[in-house]
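Written below as structure tokens is the structure these notes are about.
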């Protein structure tokens, strides 16, 4: 394992979103003497309420746009951050099909601006800032059942405007390391789930629709396969990378949980029946949550299977996921039931 870097102040972009807010909580717990500055524009998926219980000693939110050079440079000057952890991204495939421009702007131009600000700050003040870029397994394209899992050497083959924008940003990060010598690391993760996930994604949307008596809609035949990663495990992996990862390297992060969408939905229905039976749910017209499952037309360019090979991060940095899907989904369902007000409020923003 490489050096154990220390961080006094870090800038998290998109820290009011799902993975970003989980990372901030996790990082502050593990590093109580550090300060986290969060720049987030608070677009539809950003919710500063996710961070409401954090102490001002450890946390500061600045409403701003990562595409704004002035906003980013001012944070560097005022807070002298040691690292930038880039979560800020548009990430929903359906939205990218309907409106690709915002994905190009945020995911590509935003990443470029952050890197340029880091380069300029280094040139003027002589201080290096580590840049860690959070990416996705979707940049690698789609697998068949017979294909091996994605490794870091896998060819990029994005199939949606979203994954194409993330692939482009990955290449930009690598180029700014090779050309300008910036200290960077990249991680490509599988599908995350857990607390604070915006209810446009499969798991929170399924929970929301079930407990509110709505149809649970599945694309196509529901057999598309994803590798599911509990969000805290992802956050632990990112911290391992920024502290010990080698500059210029990419690390794949997966949960070792390849499951198709219909199994995910049926699993949630079964566990909801155990803790909140459908027949006792006055909002539901169904006899069981399983009855609410409905298949709808598939979306364009729907990748069949993603699967991550996490050998490199396990071997080089000693990271392993702590949660199985069975343990993680129970924690997730219990959190959303306990925080139904948050879920309903977030869904209203999603409409």
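Bear in mind that the values in this text are calculations on the coordinates, not laboratory data. Quantities reported herein were computed from a predicted structural model and do not represent experimental measurements. With ideal geometry, Cβ positions are generated from the backbone for all residues, glycine too; neighbour counts draw on all protein chains shown.
Results, tabulated for the structure shown:
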{"read-out": "Average projection area in nm² (convex hull over Cα atoms of the chain, one quarter of hull surface)", "value": "16.7 nm²"}
{"read-out": "Largest-first ellipsoid semi-axes for the range 42-143, taking √(5λ) over the Cα gyration tensor eigenvalues, angstrom", "value": "26, 19, 13"}
{"read-out": "Directionally averaged shadow of the range 160-314, computed from the convex hull of its alpha-carbon atoms, nm²", "value": "10.4 nm²"}
{"read-out": "Mean Cβ count within 10 Å, highest first, over the residues of peptides 227-240, 335-348, 25-38", "value": "227-240, 25-38, 335-348"}
{"read-out": "Percent of beta bridges antiparallel (DSSP, the range 196-323, rounded to nearest 5)", "value": "40 percent"}
{"read-out": "Computed E for residue 3/residue 294 - FRET, C-beta separation, R0 41 angstrom, nearest 0.05", "value": "0.20"}
{"read-out": "Per-pair calculated FRET efficiency, R0 = 56 Å: residue 57 and residue 157 via Cβ, rounded to 0.05", "value": "0.80"}
{"read-out": "Cα long-axis angle, helix 161-180 against the chain (0 to 90 degrees, to the nearest 10)", "value": "20 degrees"}
{"read-out": "Anisotropy class of the range 8-99 from Cα gyration tensor, a/c 1.5 cut", "value": "oblate"}
{"read-out": "Cβ crowding within 10 Å averaged over residues, with 145-157, 303-315 ranked highest first", "value": "303-315, 145-157"}
{"read-out": "Per-pair calculated FRET efficiency, R0 = 51 Å: residue 287 and residue 70 via Cβ, rounded to 0.05", "value": "0.30"}
{"read-out": "Acute angle (nearest 10 degrees) that the helix 69-79 long axis makes with the longest principal axis of the chain, alpha-carbon atoms", "value": "70 degrees"}
{"read-out": "Reciprocal of mean inverse Cα separation for the range 20-68 (Kirkwood radius, Å)", "value": "11.3 Å"}
{"read-out": "Along principal axes, Cα extents of the range 87-236, largest first, whole Å", "value": "58, 36, 32"}
{"read-out": "Potential extension, residue 120-residue 324 segment - 0.36 nm per residue separation minus Cα distance", "value": "69.1 nm"}
{"read-out": "Degrees separating the helix 18-30 axis from the principal Cα axis of the chain, which is the longest one", "value": "60 degrees"}
{"read-out": "Peptides ranked, highest mean first, by Cβ atoms within 10 Å: ranges 261-273, 201-213", "value": "201-213, 261-273"}
{"read-out": "The chain - mean residue ellipticity at 222 nm from DSSP helices (-39,500 (n - 2.57) per run, n ≥ 4, rounded to 500)", "value": "-12500 deg cm²/dmol"}
